[in-house]
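In what follows, a structure is listed as structure tokens, so that the remarks can point back to it.
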Amino acid sequence: MRRALTVVSAWIAAIVLAGCGTAATSGGAASQAPAEKSLILATTTSTQDSGLLDELLPAFTRDSGWQVKTLAVGSGQAIELGRRGEADALLVHSPAAELEFVAEGTTGSRRLVMHNDFVLLGPKDDPADIKGASATEAMKKIATAEAVFVSRGDESGTHAKEKGLWPKAGVTPGGSWYQSTGQGMGETLRVASEKAGYTLSDRATYLAQRGSLALDVLSEGDPGLLNVYHVIEMTKKAGQLVQPEGAKAFADWIVAAPAQQIIGEFGRAKFGQPLFTPDAGKDESTLGQ
Amino acid sequence: MDVLLDGLVDAVRLLLTGDQDSWSITALTLRVSLTATAIALLLGLPLGATIALARFPGRRIALAAANTGMGMPPVVVGLFVTVLLWRSGPIGGLGLLYTPTAMVIAQAAIATPIVVALVAAALQQVDPDFRVQMQALGATPIRAFAALLGEARLPLLAAAMAAFGAVVSEVGAAQMVGGNLAGQTRVLTTAAVLATSRGQFSLAIAFGLILLLIAFCVNLSLTLIQQRQTALR
């Protein structure tokens, strides 16, 4: 009896001690954090799922001394986190929503970083016959054929782009052929592939996962399909704990030559073509020309 | 099906080659979930014992609340903890969000109701005469309580295993309050989700298998303690 209790309490004591130990070390890490300088970057799933951030962030930390906590969420959520002062810098691709957000006056500068493009994907047999059509024409055909279209449905930049295309095609999507996942690009591609449906994706995420998908690029190159990324700095106006100096360090770094070179090279070795085009300092209206 | 086999091969390879990232993810998973379980036991044992043994108004409501808490979705707990820890939240100034400490807080909140409910159930099923006997034998209340815990040790250890199993396998709260930051708050479940969304299925399966393996090791050691004591009796 007593031995039973002793063993049990020894075990509990062991985990509690282990817990205290880790609590102490993590407490230590937390108290060092201000010295280590750590900023929160809210960004889109495409930059994480494509692997770009894995190349960029270690280089940024090495150059600047800032650690980065990345929250890879849809652009809508990223902007909301910025609005609440929960993030220091945003790297997002939802230009219309960004301009509205900047107009609220809590942000610092918003600068062009890079672009790639969106592509309309679908099954190889292409039941709605959209191959080679322009984006709006293709969307109209998909709706007319009532072919399965898988939407992100998560207020991300990709979702915003898709929602902007339907009115241009003169279609109000709805009905059983229009399916909304509410998930990131990787999961949505998977769903579209399994359901042999159409979907809109950024090219980077598609190329990074192409091998495991039964989806082909069916419509591309339309100027309306540009996918433009901006970096936005947050200021103290969004919240007392925002770190504008961290935001500035990140934004200045990502538009400078070394980072732009990493962006321009990213994916060339693995996919035979770069996934993003670096655009810092360019005029946005000249992109894609 | 190839994916499953590749996953198994990957899991073995990651473990054997001492892949730095996988080991640190595994170590963090253990550290966070064991600490959360320990905290849940520290809080849940006295609470569960009180509900089981004391008589006070609202006791049944407290028990029902604990039983409901057993089914609380981790993502809801994660959302509550996130809002509390936000920079704009009540204790946002501590800068705990997206740290392992935040994950421990959330997981302890998930595990505590489980411990409370199972401890209460375990102590209630001990023969009521047992306590009367202990008092008749002249045991102090503390001795009597310790003896009671000894009597109920099988279900008590089962409570610890249930609590650990719940937190080590949850992904919603870990993702939300931890943020799945590489090298800082990435645990096996969130790593598996990320690998899945990147289309790296065999890697995701490998993380899943490692998770199963460490859960098995922890439960094996608890079960050995549990059953050996039964044999000694």
- Per residue, in Å², the accessible surface of segment B:2-232 once ligands and nucleic acids are set aside, probe 1.4 Å: 46 Å²
- Query: Taking the Cα atoms only, what angle lies between the long axis of helix B:201-232 and the longest principal axis of chain B, rounded to 10 degrees?
  - Reply: 20 degrees
- Task: Would you work out which of A:A87, A:F101, A:L56 lies farthest towards the positive end of the dipole of chain A, given +1 charges on the beta-carbon of Lys and Arg and -1 on that of Asp and Glu, about the Cα centre?
- Result: A:A87
- 0 to 90° range, to nearest 10: angle between helix A:52-64 axis and chain A longest Cα axis: 50 degrees
- Of all accessible heavy-atom area on chain B, the percent that carbon and sulfur account for (1.4 Å): 70 percent
- Roughly what % of DSSP beta bridges within chain A run antiparallel, to the nearest 5? 60 percent
- Message: Quick check for me: using +1 on Lys/Arg Cβ and -1 on Asp/Glu Cβ, what's the dipole size of the protein assembly as shown about its Cα centre, in debye to the nearest 20?
- Response: 2100 debye
- Note on the structure: Taking B:F56, B:F80, A:F276 and ranking on accessible area (1.4 Å, protein atoms only), highest first, one gets B:F80, B:F56, A:F276
- Task: Determine ³J(HN,Hα), in whole Hz, for all residues of segment A:203-218 in sequence, where each value follows from phi through the Karplus function 6.51 cos²θ - 1.76 cosθ + 1.60 and θ = phi - 60°; x replaces Gly and Pro.
- Result: 5, 4, 5, 4, 4, 5, 10, 3, x, 9, 10, 9, 10, 10, 6, 10
- Peptide B:180-188 - average C-beta neighbours from other chains (10 Å radius): 3
- Query: Based on Cβ point charges of +1 for Lys and Arg and -1 for Asp and Glu, what charge dipole magnitude is obtained for segment B:2-232 about its Cα centre, in debye rounded to the nearest 20?
  - Reply: 660 debye
- Message: Can you give the longest run of chain A that contains no GluC sites (Glu not before Pro) sitting in a DSSP loop with at most 16 other Cβ atoms inside 10 Å?
- Response: A:1-103
- Quick tally, 1.4 Å probe accessible area for A:T136, A:T70, sorted with the most first, runs A:T136, A:T70
- How big is the A-B contact in terms of buried accessible area, both chains counted, 1.4 Å probe, rounded to the nearest 100 Å²? 3200 Å²
- Message: Name the residue from B:L157, B:L53, B:L16 whose Cα lies farthest towards the positive end of the charge dipole of chain B, charges +1 on Cβ of Lys and Arg and -1 on Cβ of Asp and Glu.
- Response: B:L53
- Hey, any idea what % of segment A:117-225's accessible area is carbon plus sulfur with a 1.4 Å probe? 48 percent
- In segment A:163-194, which residues give up 20 Å² or more of accessible area once the other protein chains are added, compared with their chain alone (1.4 Å probe)? A:E187, A:R190
- Message: Just to confirm, what accessible area per residue do you get for chain A at 1.4 Å probe, in whole Å²?
- Response: 42 Å²
- Task: Relative to the longest principal axis of the C-alpha atoms of chain B, give the angle of the C-alpha long axis of helix B:188-197, reported between 0 and 90° and rounded to the nearest 10°.
- Result: 40 degrees
- Note on the structure: Computed D for the protein assembly as shown, Stokes-Einstein, Kirkwood radius over alpha-carbon pairs, 25 °C, 0.890 mPa s, to the nearest µm² per second, is 96 µm²/s
- Query: With heavy atoms of protein chains only and a 1.4 Å probe, what residues of segment B:65-95 have at least 10 Å² less accessible area in the full set of chains than alone?
  - Reply: B:W86, B:R87, B:S88, B:G93
- For segment B:17-58, list whatever residues lose no less than 20 Å² of accessible surface once every protein chain is in place, relative to that chain by itself, with the probe at 1.4 Å. B:R31, B:L34, B:T35, B:A38, B:L41, B:L42
- Search the structure for amide H atoms under 5 Å from the amide H of A:S109, placed 1.01 Å from N in the peptide plane, and list their residues when 5 or more places away or on another chain. A:E233
- Item | Members of A:K163/A:K282; A:K131/A:K163; A:K69/A:K236 lying beyond 25 Å, as alpha-carbon distances in this model show | A:K163/A:K282
- For segment A:132-289, give the magnitude of the charge dipole about the Cα centre (Cβ charges: +1 Lys/Arg, -1 Asp/Glu; no others), in debye to the nearest 20. 140 debye
- Message: With a cap of 16 neighbouring Cβ atoms within 10 Å, and only residues DSSP puts in a loop, list the trypsin sites (Lys or Arg not before Pro) found in segment B:1-89.
- Response: B:R55
- Under 1.5 on a/c is rounded, so check that first for segment A:117-225, then, if it is not, pick prolate when a/b is larger than b/c and oblate when it is not; a ≥ b ≥ c are the square roots of the alpha carbon gyration tensor eigenvalues. rounded
- Note on the structure: For segment B:2-232, shape from the Cα gyration tensor axes a ≥ b ≥ c, cut at a/c of 1.5 then a/b versus b/c, turns out oblate
- Kindly sort A:K141, A:K248 by accessible area of their heavy atoms, largest first, with the probe set to 1.4 Å. A:K248, A:K141
- Message: Need one value: the accessible area of A:W253 in square angstrom, 1.4 angstrom probe, rounded to the nearest 10.
- Response: 30 Å²
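The values are calculated or read from the model by the stated rules, or taken from the named source; none is laboratory data. Bear in mind the structure is a predicted one, so any value in this text is a computation, not a measurement. Counting neighbours? That spans all protein chains shown, and the Cβs are built from the backbone with ideal geometry, glycine included. Surface accessibility is based on the protein's heavy atoms, side chains included, excluding ligands, DNA and RNA. Shrake-Rupley method; radii C 1.70, N 1.55, O 1.52, S 1.80 Å.
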